[in-house]
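Taking it in order: structure first as structure tokens, then the write-up.
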């Protein structure tokens with residue numbers, strides 16, 4: 001599991017990023033002194049944790065909310081909000097190119113401005129972060145703690161050296177990318193949903209590994225921005241958890257957008273030569289190599305449970321239970 005680290009961002013440190021980080025993990029924040037006992041301790045301040053903490057506090061419960069990194073979790077910072085923001089802009093470019101389908105003229109000069117789209121996304125993310133801010137939580141009477149929570153029993157846990165006692169606890173720690181074991185991938189460098197939204201330059205050629213919701217939606221968005229995009233999916237179909245009609249509609253849309261799709265295909269090795277990432281692909285007995293500038297992995301998720309000491313709390317869990325949910 002990824003170890004706890006100080007909250008930070010590799011995105012451009014503009015006014016939008018400064019506002020977001022000040023809302024979701026202020027640099028000078030000091031954890032409060034714990035209450036004698038909390039009615040509810042919520043571990044994880046993503047969407048589920050935030051809603052639960054606010055609802056319990058509104059009903060008069062004494063609530064503590066613990067977050068390891070950033071308030072808002074994946075949804076605000078590296079998931080739903082940024083992905084849907086750039087998807088909206090990418091769809092606009094697609095609509096302009098297909099304007100005749102809507103009875104309109106195709107604009108004469110359609111130039112996708114990727115940096116502008118990412119700046120817009122950062123602005124939306126910063127604005128929404130105000131609703132998830134530490135100040136708003138504190139104003140609601142919620143004690144906010146930053147740090148790694150670790151259960152010490154069925155009614156207590158520690159965070160940043162402090163002991164919190166509780167009557168009930170809610171674990172809402174979310175998940176992280178499940179990284180494929182491909183020789184050379186780490187050395188070559190890769191993207192996940194945790195860092196792709198920090199990009200300011202559009203990769204000319206993009207390989208997306210995985211045909212689940214995450215891989216599909218970002219492959220289409222980046223293709224519509226102008227990246228030459230390839231999807232390598234190990235299964236014979238997209239979206240294995242969805243209806244087949246939906247997968248077929250998606251396949252047709254990919255064909256219209258110009259995405260190169262390789263089903264039943266596995267990346268088996270990655271290397272860097274002359275500044276290019278060369279990825280060896282195997283499909284049945286056919287072997288090929290593609291040259292790309294960036295690799296995005298979207299091969300499912302793993303739960304963030306290892307560092308919580310859940311056994312001490314009497315909680316059963318499966319540390320390898322993954323999913324392919326969208327960001």
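Do we have residue 36 as in contact with a strand residue (DSSP E or B) (Cβ under 8 Å, 6 or more places away or on another chain) and closer than 29 Å to residue 229 by Cα here? Answer is no for this residue.
Restricting 79, 103, 72 to residues that are at positive phi and out of contact with any helix residue (DSSP H, G or I) (no Cβ under 7 Å at 6 or more places or on another chain) narrows the list to 103. Are any of the residues in region 291-310 in the same structural domain as residue 219 (by TED's automatic domain parsing), over 24 Å from residue 176 (Cα atoms) and not in a loop (DSSP other than H, G, I, E, B)? Yes, there is a match, as at least one residue in region 291-310 is in the same structural domain as residue 219 (by TED's automatic domain parsing), over 24 Å from residue 176 (Cα atoms) and not in a loop (DSSP other than H, G, I, E, B).
Conditions (1) under 24 Å from the mean Cα position of the chain (by Cα); (2) at pLDDT 95 or above, marked per residue:
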| site | (1), (2) |
| --- | --- |
| 218 | yes, yes |
| 242 | yes, no |
| 253 | yes, no |
| 275 | no, no |
| 283 | no, no |
| 286 | no, no |
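Residues of region 288-309 being surrounded by 17 or more Cβ atoms within 10 Å (Cβ to Cβ) and modelled with pLDDT of 95 or more, which ones?
Residues of region 288-309 that are surrounded by 17 or more Cβ atoms within 10 Å (Cβ to Cβ), as a first pass: 290, 292, 294-305, 308.
Residues satisfying the conditions are 290, 292, 294, 295, 296, 297, 308.
Taking the stated definitions as given, is residue 237 in a loop (DSSP other than H, G, I, E, B) and over 24 Å from residue 76 (Cβ atoms)? Considered against the rule, which asks whether it is in a loop (DSSP other than H, G, I, E, B) and over 24 Å from residue 76 (Cβ atoms), residue 237 comes out as yes. Residues in region 226-238 that are at pLDDT 85 or above and either out of contact with any strand residue (DSSP E or B) (no Cβ under 8 Å at 6 or more places or on another chain) or not assigned by TED's automatic domain parsing to the domain that holds residue 263 (or both) were compared, and the one that is surrounded by the most Cβ atoms within 10 Å (Cβ to Cβ) is 226.
Hey, can you tell me all the residues within region 266-290 that are part of a loop (DSSP other than H, G, I, E, B) and either over 23 Å from residue 216 (Cα atoms) or without any contact (Cβ under 8 Å) to a residue 12 or more places away in the chain (or both)? Show your work before the answer.
Of all residues in region 266-290, those part of a loop (DSSP other than H, G, I, E, B) come to 274-275, 284-285.
Hits for region 266-290 are 274, 275, 285.
Summed over region 173-215, the residues that are farther than 29 Å from residue 306 by Cα, in contact with a helix residue (DSSP H, G or I) (Cβ under 6 Å, 6 or more places away or on another chain) and buried (at least 18 other Cβ atoms within 10 Å of the Cβ) give a count of 2. Set side by side, the residues 313, 255 differ, and just one is within 25 Å of residue 86 (Cα to Cα) and either surrounded by 15 or more Cβ atoms within 10 Å (Cβ to Cβ) or not assigned by TED's automatic domain parsing to the domain that holds residue 159 (or both), which is 255.
Surrounded by fewer than 16 Cβ atoms within 10 Å (Cβ to Cβ) and in contact (Cβ under 8 Å) with a residue 60 or more places away in the chain: is that true of residue 153 in this structure?
Details: surrounded by fewer than 16 Cβ atoms within 10 Å (Cβ to Cβ): yes; in contact (Cβ under 8 Å) with a residue 60 or more places away in the chain: yes.
Against the criterion (surrounded by fewer than 16 Cβ atoms within 10 Å (Cβ to Cβ) and in contact (Cβ under 8 Å) with a residue 60 or more places away in the chain), residue 153 qualifies.
The values are calculated or read from the model by the stated rules, or taken from the named source; none is laboratory data. Just so we're clear, the structure is a prediction, and the values are computed from it rather than from any experiment. Here Cβ is always computed from backbone atoms with ideal geometry, including for glycine, and neighbour counts include all displayed protein chains.
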